[in-house]
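Have a look at the structure below, then the notes.
The values are calculated or read from the model by the stated rules, or taken from the named source; none is laboratory data. These numbers come from a predicted model, not from an experiment. With ideal geometry, Cβ positions are generated from the backbone for all residues, glycine too; neighbour counts draw on all protein chains shown.
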């Protein structure tokens, strides 16, 4: 049962659902990333208070702010176009859910529903220096303020690739999907 009745409904496309059993960057020494594969799955179970079943952050810490991470497809497209890199997938960014159609960072501090699961956006998923290593030189600079969204899982469900609805009580600026968070608001 959803904890809120949502005022706004947005049509989004879940482009990718990524899970990885291990950390390639987090906790690793700079210059020595891990070699854990990132799987692009068609469907994944979301578990309240835990995250995505099968992912490296599943059950990581009680009240962890990044149980699930979201990323805007529009930012990925801009990253590819600006840096003229076409041979990398969004998997190298190590975010779980890649969505098209909404500016994910506007959900910071808000509850939202997607695929029957309910999330609370907790904070900006700040890019790290590994972005230049994983994607290419210049990625870190371009991703400043638009590295994605960290979220907690309030209610479980299933996420599936494809077109679906996202519900929230905030009116999102859907024409600004790739816009960065204003610098004073960055963590």
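Looking at residue 157, is it over 16 Å from the mean Cα position of the chain (by Cα) and within 24 Å of residue 39 (Cα to Cα)?
So residue 157 passes the test.
Suppose the filter is modelled with pLDDT of 95 or more and within 21 Å of residue 66 (Cα to Cα); does residue 154 pass it? The answer is yes for residue 154. Apart from one condition, residue 141 fits all of (1) under 20 Å from residue 38 (Cβ atoms); (2) part of a helix (DSSP H, G or I); the exception is (1). Would you confirm whether any residue within segment 124-133 is surrounded by fewer than 23 Cβ atoms within 10 Å (Cβ to Cβ), in contact with a helix residue (DSSP H, G or I) (Cβ under 9 Å, 6 or more places away or on another chain) and under 23 Å from residue 11 (Cα atoms)? Among the residues of segment 124-133, at least one is surrounded by fewer than 23 Cβ atoms within 10 Å (Cβ to Cβ), in contact with a helix residue (DSSP H, G or I) (Cβ under 9 Å, 6 or more places away or on another chain) and under 23 Å from residue 11 (Cα atoms), which makes the answer yes.
Scanning segment 144-182 for residues that are surrounded by fewer than 18 Cβ atoms within 10 Å (Cβ to Cβ) and assigned to a strand (DSSP E or B) yields a total of 8.
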